[in-house]
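So the structure is just underneath, and the comments pick up after that.
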Amino acid sequence: MAPINHNPTDAEIIEKLGNLKFVNRSKGRRSPHKPLMVLMALGHVARDKPRFLSYKKIRKQGIKLLQNFGSRSKTNNLIGYPFTHLVTNKIWEIEDMQKMGSDLMQIREHSVLERHNAKGGFTQPVYDKLLGNPKLILKTAQTLLNKEFPGSMHDDILEAVGLDQLNTEERQPSRTGRDPNFRRNVLRAYGSSCAICDFYARLDDAVLAVEAAHIQWHAYKGPSVISNGLALCTLHHKAFDRGALAIDNDMKVLVSEQLGGDRKTKEQHFYQYESQEIHLPRKSEHHPQPEYLAWHRRQVFKG
């Protein structure tokens, strides 16, 4: 990927920032570090912040983003990884990097970044193109979100990085590349009821607040087939995608020990379903496949 060293077009910005090189994607492992760092940086540009971000000042926000929206990997707290390794994607630079050394594996260490008061940010041409261009910022952000995260998480991430106030038509997530029949097929298999709580409601012919969730995310090569889907109410869909819930191979509900909230809410909406078998489709071939459930427990569930 060649660096952007000229006045780029909108399409070039979206291509460079929206199609980062993701580590371990071929193995089905989540790699949200770089996308979350770019989204955080886009939020800073949207607020007319200086080009270079201080590692010391953004570290706390970065760690929180990785904890809330990253994988369950123990490396979630290594905000130094995306802060430095975005350099390899030619859209980011570290101020006075030569003073810190050339080995990214050493530079990314917290102690090194702290000692040098490291600052990083988009390259000048990228920053100049984004500055004062909220539509491009949000379209770029949406491209990243569509590639890395399920739709149920998009609004939460935009709010967390300060992009939720951008009022443009780009707010609607794209479904490019997704099977338009997935939702219909999954809801039909589950009788339009939540597989966890059995919630069911209609208004005329429209199903209300029950959605089709990918078990292994579409962004990570999860196929749009019924056996990789669950019909879930909006509450349990979001909880499932955020890792508060999972399903074991006996089709029973798992609840994360990290789940917070008041006792009544947790009991009413989560704990009463713990260890209970989900409501399964009548046809066994439509039941969730163990390989997809295992991916979700490894990569998403915060158990």
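Restricting attention to region 208-221, which residues are under 16 Å from Ser152 (Cα atoms) and either within 18 Å of the chain's Cα centre (by Cα) or surrounded by 16 or more Cβ atoms within 10 Å (Cβ to Cβ) (or both)?
The answer is Val210, Glu211, Ala212, Ala213, His214, Ile215, Gln216, Trp217, His218, Ala219, Tyr220.
Against the conditions (1) under 27 Å from Pro32 (Cβ atoms); (2) modelled with pLDDT of 95 or more, Arg282 satisfies every one except (1). Within region 121-143, being among the hydrophobic types (A, V, I, L, M, F, W, C) and under 12 Å from Leu17 (Cα atoms) holds for Phe122, Val126, Leu130, Leu136, Ile137, Leu138, Ala141.
The conditions of being modelled with pLDDT of 85 or more, farther than 15 Å from His218 by Cα and surrounded by 14 or more Cβ atoms within 10 Å (Cβ to Cβ) are met by Leu163. Contact map, region 202-222: first residue of a type in the set (Val, Ile, Thr), second residue at pLDDT below 95, Cβ cut-off under 7 Å, separation 6 or more or different chains; pairs are Ile215/Gly222. Elements of the type helices (runs of 4 or more DSSP H) sitting completely within region 38-139 and holding at least 2 residues that are touching a residue at least 12 places away in the same chain (Cβ under 8 Å), over 27 Å from Lys238 (Cα atoms) and open to solvent by 20 Å² or more (accessible area, probe 1.4 Å): these cover 80-85, 110-115, 124-130. Restricted to strands (runs of 3 or more DSSP E) entirely inside region 212-272, those with at least 3 residues that are under 16 Å from Phe199 (Cα atoms) and of a type outside the set (Lys, Arg) are 229-233. For region 92-137, a residue qualifies if it is under 18 Å from Met37 (Cβ atoms), acidic (Asp, Glu) and out of contact with any helix residue (DSSP H, G or I) (no Cβ under 8 Å at 6 or more places or on another chain), and exactly one does: Glu95.
For region 190-207, the candidate set comprises residues that are assigned to a loop (DSSP other than H, G, I, E, B) and either open to solvent by 70 Å² or more (accessible area, probe 1.4 Å) or acidic (Asp, Glu) (or both); within that set, the residue that is farthest from Gln299 (Cα to Cα) is Asp204.
What number of residues within region 274-296 are part of a helix (DSSP H, G or I) and either in contact with a Leu (Cβ under 6 Å, 6 or more places away or on another chain) or surrounded by 19 or more Cβ atoms within 10 Å (Cβ to Cβ) (or both)? Number satisfying all stated conditions: 4.
The residues listed here are Asn117, Asn133; of these, the one that is at pLDDT 90 or above, in contact with a Lys or Arg (Cβ under 7 Å, 6 or more places away or on another chain), more than 28 Å from Ser71 (Cβ to Cβ) and not hydrophobic (A, V, I, L, M, F, W, C) is Asn117.
The values are calculated or read from the model by the stated rules, or taken from the named source; none is laboratory data. The shown structure was predicted, so the numbers you read here are calculated from the model rather than taken from an experiment. Every residue, glycine among them, receives a Cβ derived from its backbone with ideal geometry; neighbour counts consider all protein chains shown. The accessibility values were calculated without ligands, DNA or RNA, using every heavy atom of the protein model including side chains. Shrake-Rupley method; radii C 1.70, N 1.55, O 1.52, S 1.80 Å.
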